[in-house]
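Everything below concerns the one structure shown next.
The values are calculated or read from the model by the stated rules, or taken from the named source; none is laboratory data. Everything numeric in this text was worked out from a predicted model, so none of it was measured. Note that each Cβ is placed from the backbone with ideal geometry, even for glycine, and that neighbours are counted across all protein chains shown. Just the protein is used for accessible areas: all its heavy atoms, side chains included, with ligands, DNA and RNA removed. Shrake-Rupley method; radii C 1.70, N 1.55, O 1.52, S 1.80 Å.
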Amino acid sequence: MIGDWLSSDRPPLQTGYFLFSGLVELHSNLIYQIFSTELQTLWIIPLFIILNELKVDRFASFTTLIVLMFNGITLVHSLFTWPKLLPVFYLILLFGILYCDNETTKNNIISSLLIGSLSALALLTHGGSVFALLGLGSGLLLFGPKLRYKLFVLSLICFLLILAPWLYYQHSIDPPGNRLIKWHLAGIIPIDNRSFRRAFLDSYSTLSIMQFLKLKLTNLISVSGNISDWVPALVKSTLGGLYQGQSNYS
(Lines give C-alpha, C1' and ligand atoms only; values in the text may rest on other atoms or scores of the structure.)
Protein backbone atom coordinates (compact mmCIF):
# COMPACT_ATOMS: atom_id res chain seq x y z
CA MET A 1 0.00 0.00 0.00
CA ILE A 2 1.05 3.63 -0.56
CA GLY A 3 2.68 5.28 2.44
CA ASP A 4 1.33 4.15 5.79
CA TRP A 5 -2.12 3.11 4.52
CA LEU A 6 -3.36 -0.40 5.29
CA SER A 7 -5.44 -2.61 3.02
CA SER A 8 -8.11 -2.62 5.77
CA ASP A 9 -8.50 1.17 5.74
CA ARG A 10 -10.79 1.41 2.70
CA PRO A 11 -13.85 -0.63 1.66
CA PRO A 12 -12.85 -3.41 -0.74
CA LEU A 13 -15.65 -3.92 -3.27
CA GLN A 14 -14.31 -2.03 -6.29
CA THR A 15 -10.90 -3.67 -5.83
CA GLY A 16 -12.64 -7.02 -5.54
CA TYR A 17 -14.52 -6.46 -8.79
CA PHE A 18 -11.29 -5.55 -10.56
CA LEU A 19 -9.40 -8.58 -9.26
CA PHE A 20 -12.32 -10.85 -10.08
CA SER A 21 -12.50 -9.51 -13.66
CA GLY A 22 -9.02 -10.79 -14.51
CA LEU A 23 -8.18 -7.46 -16.20
CA VAL A 24 -5.52 -6.87 -13.54
CA GLU A 25 -3.26 -9.22 -15.54
CA LEU A 26 -3.04 -6.54 -18.26
CA HIS A 27 -1.17 -4.19 -15.85
CA SER A 28 -2.58 -1.09 -17.53
CA ASN A 29 -3.64 2.15 -15.85
CA LEU A 30 -5.92 2.79 -18.84
CA ILE A 31 -7.69 -0.54 -18.31
CA TYR A 32 -8.28 0.31 -14.66
CA GLN A 33 -9.53 3.78 -15.65
CA ILE A 34 -12.06 2.35 -18.11
CA PHE A 35 -13.15 -0.37 -15.68
CA SER A 36 -13.61 2.13 -12.82
CA THR A 37 -15.55 4.61 -14.95
CA GLU A 38 -17.89 1.84 -16.09
CA LEU A 39 -18.57 0.97 -12.45
CA GLN A 40 -19.13 4.62 -11.48
CA THR A 41 -21.76 5.06 -14.21
CA LEU A 42 -23.82 1.94 -13.48
CA TRP A 43 -26.30 4.04 -11.44
CA ILE A 44 -27.80 5.42 -14.67
CA ILE A 45 -29.50 2.08 -15.46
CA PRO A 46 -31.58 1.61 -12.27
CA LEU A 47 -32.42 5.32 -12.18
CA PHE A 48 -33.85 5.13 -15.70
CA ILE A 49 -35.89 2.04 -14.75
CA ILE A 50 -37.24 3.68 -11.58
CA LEU A 51 -38.27 6.83 -13.43
CA ASN A 52 -40.26 4.63 -15.80
CA GLU A 53 -41.77 2.69 -12.90
CA LEU A 54 -42.87 5.96 -11.30
CA LYS A 55 -44.55 6.94 -14.59
CA VAL A 56 -42.45 10.09 -14.87
CA ASP A 57 -43.00 11.97 -18.12
CA ARG A 58 -40.49 10.94 -20.80
CA PHE A 59 -39.19 14.49 -21.28
CA ALA A 60 -38.79 14.94 -17.51
CA SER A 61 -36.96 11.61 -17.27
CA PHE A 62 -34.62 12.55 -20.09
CA THR A 63 -33.93 15.97 -18.56
CA THR A 64 -33.27 14.41 -15.14
CA LEU A 65 -30.76 11.96 -16.58
CA ILE A 66 -28.97 14.64 -18.63
CA VAL A 67 -28.67 17.00 -15.64
CA LEU A 68 -27.40 14.24 -13.35
CA MET A 69 -25.01 12.73 -15.90
CA PHE A 70 -23.30 15.95 -16.99
CA ASN A 71 -23.02 18.06 -13.86
CA GLY A 72 -19.58 18.71 -12.40
CA ILE A 73 -19.87 16.38 -9.41
CA THR A 74 -20.87 13.41 -11.55
CA LEU A 75 -18.18 14.02 -14.17
CA VAL A 76 -15.42 14.28 -11.56
CA HIS A 77 -16.48 11.17 -9.65
CA SER A 78 -17.13 9.18 -12.82
CA LEU A 79 -13.66 9.85 -14.23
CA PHE A 80 -11.69 9.70 -10.98
CA THR A 81 -11.07 6.07 -10.09
CA TRP A 82 -12.16 6.21 -6.46
CA PRO A 83 -15.50 4.45 -5.76
CA LYS A 84 -17.65 7.47 -4.91
CA LEU A 85 -20.52 6.73 -7.32
CA LEU A 86 -20.49 2.94 -7.33
CA PRO A 87 -22.57 2.72 -4.11
CA VAL A 88 -25.20 4.92 -5.77
CA PHE A 89 -26.00 1.96 -8.03
CA TYR A 90 -26.90 -0.17 -5.01
CA LEU A 91 -28.65 2.67 -3.18
CA ILE A 92 -30.93 3.49 -6.13
CA LEU A 93 -31.85 -0.19 -6.43
CA LEU A 94 -32.56 -0.20 -2.68
CA PHE A 95 -34.71 2.92 -3.07
CA GLY A 96 -36.67 1.18 -5.80
CA ILE A 97 -37.42 -1.84 -3.59
CA LEU A 98 -38.31 0.25 -0.54
CA TYR A 99 -40.39 2.96 -2.17
CA CYS A 100 -41.49 1.81 -5.63
CA ASP A 101 -42.59 -1.76 -4.99
CA ASN A 102 -46.03 -2.32 -3.49
CA GLU A 103 -46.34 -3.58 0.07
CA THR A 104 -46.99 -7.19 -0.99
CA THR A 105 -43.84 -7.29 -3.11
CA LYS A 106 -41.81 -5.57 -0.43
CA ASN A 107 -42.83 -8.04 2.24
CA ASN A 108 -41.48 -11.21 0.66
CA ILE A 109 -38.32 -13.21 1.22
CA ILE A 110 -36.55 -12.20 -2.00
CA SER A 111 -37.10 -8.49 -1.40
CA SER A 112 -35.87 -8.87 2.19
CA LEU A 113 -32.69 -10.59 1.03
CA LEU A 114 -32.15 -7.86 -1.57
CA ILE A 115 -32.61 -5.11 1.03
CA GLY A 116 -29.95 -6.63 3.27
CA SER A 117 -27.60 -7.42 0.37
CA LEU A 118 -27.81 -4.02 -1.32
CA SER A 119 -27.29 -2.20 1.98
CA ALA A 120 -24.17 -4.25 2.74
CA LEU A 121 -22.76 -3.91 -0.80
CA ALA A 122 -23.18 -0.13 -0.65
CA LEU A 123 -21.17 -0.01 2.59
CA LEU A 124 -18.53 -2.34 1.15
CA THR A 125 -18.09 0.17 -1.67
CA HIS A 126 -17.97 3.38 0.35
CA GLY A 127 -18.47 4.06 4.06
CA GLY A 128 -20.37 7.29 3.32
CA SER A 129 -23.28 5.09 2.25
CA VAL A 130 -24.26 4.88 5.91
CA PHE A 131 -25.78 8.37 5.70
CA ALA A 132 -27.93 7.42 2.69
CA LEU A 133 -29.01 4.21 4.46
CA LEU A 134 -30.01 6.20 7.54
CA GLY A 135 -32.05 8.55 5.34
CA LEU A 136 -33.76 5.74 3.44
CA GLY A 137 -34.52 3.85 6.65
CA SER A 138 -35.84 6.94 8.45
CA GLY A 139 -38.08 7.81 5.50
CA LEU A 140 -39.46 4.29 5.46
CA LEU A 141 -40.20 4.37 9.19
CA LEU A 142 -41.92 7.74 8.95
CA PHE A 143 -43.77 7.57 5.65
CA GLY A 144 -43.57 4.14 4.06
CA PRO A 145 -45.24 0.77 4.59
CA LYS A 146 -43.55 -1.21 7.31
CA LEU A 147 -41.54 -4.37 6.78
CA ARG A 148 -42.85 -7.35 8.71
CA TYR A 149 -40.72 -8.12 11.74
CA LYS A 150 -39.51 -11.57 10.58
CA LEU A 151 -38.54 -10.23 7.16
CA PHE A 152 -36.73 -7.29 8.74
CA VAL A 153 -34.70 -9.77 10.82
CA LEU A 154 -33.95 -11.73 7.64
CA SER A 155 -32.68 -8.54 5.96
CA LEU A 156 -30.51 -7.79 8.98
CA ILE A 157 -29.02 -11.31 9.02
CA CYS A 158 -28.22 -11.10 5.31
CA PHE A 159 -26.67 -7.66 5.84
CA LEU A 160 -24.42 -8.90 8.66
CA LEU A 161 -23.37 -12.09 6.84
CA ILE A 162 -22.15 -10.11 3.82
CA LEU A 163 -20.31 -7.57 5.99
CA ALA A 164 -18.83 -10.15 8.38
CA PRO A 165 -15.78 -11.25 6.30
CA TRP A 166 -14.69 -7.63 5.77
CA LEU A 167 -15.18 -6.72 9.44
CA TYR A 168 -13.19 -9.79 10.45
CA TYR A 169 -10.42 -8.87 8.02
CA GLN A 170 -10.30 -5.31 9.35
CA HIS A 171 -10.08 -6.22 12.99
CA SER A 172 -8.21 -9.54 12.92
CA ILE A 173 -6.10 -9.80 9.75
CA ASP A 174 -4.97 -6.20 9.14
CA PRO A 175 -6.03 -4.20 12.22
CA PRO A 176 -7.18 -1.68 13.30
CA GLY A 177 -9.10 -0.76 10.12
CA ASN A 178 -10.60 2.40 11.63
CA ARG A 179 -8.36 5.11 10.17
CA LEU A 180 -10.92 6.72 7.86
CA ILE A 181 -13.80 6.72 10.33
CA LYS A 182 -11.56 8.33 12.99
CA TRP A 183 -10.41 10.89 10.43
CA HIS A 184 -13.84 11.80 9.06
CA LEU A 185 -15.98 11.63 12.19
CA ALA A 186 -13.51 12.38 14.99
CA GLY A 187 -11.06 14.63 13.15
CA ILE A 188 -8.09 12.45 14.12
CA ILE A 189 -5.63 12.38 11.21
CA PRO A 190 -2.41 11.07 12.84
CA ILE A 191 -2.38 7.29 13.33
CA ASP A 192 -2.82 6.18 16.95
CA ASN A 193 -3.98 3.11 18.84
CA ARG A 194 -7.25 4.50 20.18
CA SER A 195 -10.54 2.89 19.24
CA PHE A 196 -12.99 4.98 17.23
CA ARG A 197 -15.26 5.33 20.27
CA ARG A 198 -12.40 6.59 22.42
CA ALA A 199 -11.15 8.99 19.74
CA PHE A 200 -14.67 10.32 19.12
CA LEU A 201 -15.29 10.97 22.82
CA ASP A 202 -11.88 12.58 23.27
CA SER A 203 -12.47 14.92 20.33
CA TYR A 204 -15.93 16.12 21.30
CA SER A 205 -15.85 16.03 25.11
CA THR A 206 -13.50 19.02 25.27
CA LEU A 207 -15.64 21.26 22.99
CA SER A 208 -18.05 23.91 24.20
CA ILE A 209 -21.43 24.29 22.48
CA MET A 210 -20.17 27.33 20.55
CA GLN A 211 -17.02 25.52 19.42
CA PHE A 212 -19.15 22.58 18.27
CA LEU A 213 -21.49 24.83 16.28
CA LYS A 214 -18.55 26.68 14.74
CA LEU A 215 -17.05 23.38 13.56
CA LYS A 216 -20.36 22.29 12.02
CA LEU A 217 -20.65 25.66 10.24
CA THR A 218 -17.11 25.20 8.90
CA ASN A 219 -18.12 21.77 7.58
CA LEU A 220 -21.18 23.26 5.87
CA ILE A 221 -19.12 26.00 4.22
CA SER A 222 -16.53 23.49 3.01
CA VAL A 223 -19.30 21.60 1.18
CA SER A 224 -21.46 24.48 -0.07
CA GLY A 225 -18.86 27.23 -0.43
CA ASN A 226 -19.09 30.58 1.32
CA ILE A 227 -22.82 31.30 1.50
CA SER A 228 -22.21 35.05 1.43
CA ASP A 229 -20.61 34.63 -2.01
CA TRP A 230 -23.36 32.76 -3.85
CA VAL A 231 -26.64 33.58 -2.07
CA PRO A 232 -26.73 37.27 -3.18
CA ALA A 233 -25.93 36.22 -6.77
CA LEU A 234 -28.68 33.58 -6.63
CA VAL A 235 -31.24 36.08 -5.31
CA LYS A 236 -30.21 38.68 -7.88
CA SER A 237 -30.46 36.25 -10.79
CA THR A 238 -33.81 34.91 -9.54
CA LEU A 239 -35.32 38.36 -9.11
CA GLY A 240 -33.89 39.39 -12.48
CA GLY A 241 -35.49 36.38 -14.13
CA LEU A 242 -38.85 37.13 -12.53
CA TYR A 243 -38.67 40.77 -13.61
CA GLN A 244 -37.75 39.75 -17.15
CA GLY A 245 -40.61 37.29 -17.23
CA GLN A 246 -43.08 39.96 -16.09
CA SER A 247 -41.77 42.38 -18.74
CA ASN A 248 -42.20 39.80 -21.48
CA TYR A 249 -45.71 39.03 -20.26
CA SER A 250 -46.61 42.73 -20.25
What does the charge dipole of the chain about its Cα centre add up to, to the nearest 20 debye, if the Cβ of each Lys and Arg holds +1 and the Cβ of each Asp and Glu holds -1?
-> 640 debye
How much length, in nm to one decimal, is gained on full extension between I109 and A233, taken as 0.36 nm per residue of separation minus their Cα-Cα distance?
-> 39.5 nm
Per-residue HN-Hα couplings for region 184-191, Karplus 6.51 cos²θ - 1.76 cosθ + 1.60 at θ = phi - 60°, whole Hz, x for Gly and Pro?
-> 7, 9, 10, x, 9, 8, x, 6
Karplus-derived HN-Hα couplings along region 172-178 (A = 6.51, B = -1.76, C = 1.60, θ = phi - 60°), whole Hz, x at Gly and Pro = 10, 8, 9, x, x, x, 10
Spin-label point model (7 Å from Cα, Cβ direction): what's the L142 to I34 distance in nm?
-> 4.5 nm
Roughly speaking, to the nearest percent, how much of region 1-80's 1.4 Å accessible area is carbon and sulfur?
-> 72 percent
In sequence order, what are the phi-derived ³J(HN,Hα) couplings for region 18-29 according to the Karplus relation 6.51 cos²θ - 1.76 cosθ + 1.60 with θ = phi - 60°, rounded to whole Hz, with x for glycine and proline?
-> 5, 5, 5, 5, x, 5, 4, 5, 7, 6, 10, 5
Carbon + sulfur, % of accessible area of region 165-215 - ligands and nucleic acids excluded, 1.4 Å | 67 percent
Lysine pair count for the chain [Cα-Cα under 29 Å; pairs on different chains or 8 or more apart] | 13
With the Cα gyration tensor of region 114-153 giving a ≥ b ≥ c as the square roots of its eigenvalues, does the rule (a/c under 1.5 for rounded; else a/b larger than b/c for prolate; else oblate) give rounded, prolate or oblate?
-> oblate
Per residue accessible area in Å² of the chain, where ligands, DNA and RNA are left out and the probe is 1.4 Å | 67 Å²
In Å, descending, principal axis extents of the Cα set of region 45-125 = 39, 34, 12
With springs connecting C-alpha atoms under 10 Å apart, model the chain as a Gaussian network and identify which of S224, S78, S172 has the largest mean-square fluctuation.
-> S224
